[in-house]
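Take a look at the structure set out below.
The values are calculated or read from the model by the stated rules, or taken from the named source; none is laboratory data. Fair warning: this is a prediction, and the values are worked out from it, not measured in the lab. Cβ atoms come from the backbone with ideal geometry, glycine included; neighbour counts cover every protein chain shown. When the accessible area is computed, the model is the full protein with side chains, heavy atoms only, and any ligands, DNA or RNA have been set aside. Shrake-Rupley method; radii C 1.70, N 1.55, O 1.52, S 1.80 Å.
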Amino acid sequence: PEVLLIPGGEFIMGSEEDDPDEYPSHKVYVDPFSIDKYEVTNAEYKMFIDDGGYYGSTYWTEEGWKWKSENNITQPRYWEYNKFYRPDYPVIGVSWYEANAYAKWAGKRLPTEAEWEKSARGIDGRRWPWGNEWDCTRGNFDSEVRIDDYLGDCKDDYILSAPVGSFPSGVSYYGIYDMAGNAWEWVNDWYGPYSEGEERNPTGPAEGEEKV
């Protein structure tokens, strides 16, 4: 899969306009990093399964391997549902443990929350990957799920998921696809409050109960 290099530097993380979980908006500096241009597809994830990714603890955290073993997990949830399992569609139904194991198997890692957000919104503080104006044609969105009353009924042709890269008009500042719409994406950080001041390469709390 194609990988893009995101340059180091400052950007505005968080928002004063949306969900209180995003307060406060503040400056963050991140070093250069790489991130995939597209979401992980079913075809790519199948390579991990076929390579025995679920049958050895090499790529799993200790907690993840325990969870996988105790629950007899051998593939993502919904893996065999025809409406989800198409080679060029994003893999869904994966826990954080599975996403992290896949990333290690692929020789990569999950991004930090700060890295993911910079990849999505760039350095100009934009509200959406493509800019500040809501446009439901720029991604795969559910017309019945309202985001601050932006969605309304403007996308009645919503589908559960779409092939990765289906919305070129919705790419982010750095040219990354599906940073809004389609599938939710895991990052490495534990969920926790934002800092009040400037930060450099933040990695989130040292521990927690939920991953971002």
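Odds and ends about this structure:
- Candidate set: segment 32-67, residues that are within 25 Å of Gly170 (Cα to Cα) and of a type in the set (Asp, Glu); chosen: the one surrounded by the most Cβ atoms within 10 Å (Cβ to Cβ): Glu39
- Annotation: of all residues in segment 24-82 being in a loop (DSSP other than H, G, I, E, B) and among the charged types (D, E, K, R), the one that is nearest to Ala103 (Cα to Cα) is Glu39.
- Of all the numbered requirements in (1) hydrophobic (A, V, I, L, M, F, W, C); (2) exposed (fewer than 14 other Cβ atoms within 10 Å of the Cβ); (3) at pLDDT 95 or above, Trp184 misses one, and that requirement is (3).
- The set of residues in segment 146-181 being more than 17 Å from the chain's Cα centre (by Cα), at pLDDT 95 or above and crowded, with 16+ Cβ neighbours inside 10 Å is empty.
- Residue check, Val28 in contact with a helix residue (DSSP H, G or I) (Cβ under 8 Å, 6 or more places away or on another chain) and within 21 Å of Gly139 (Cβ to Cβ): no
- Count - residues of segment 68-93 that are touching a residue at least 12 places away in the same chain (Cβ under 8 Å) and open to solvent by less than 70 Å² (accessible area, probe 1.4 Å): 12
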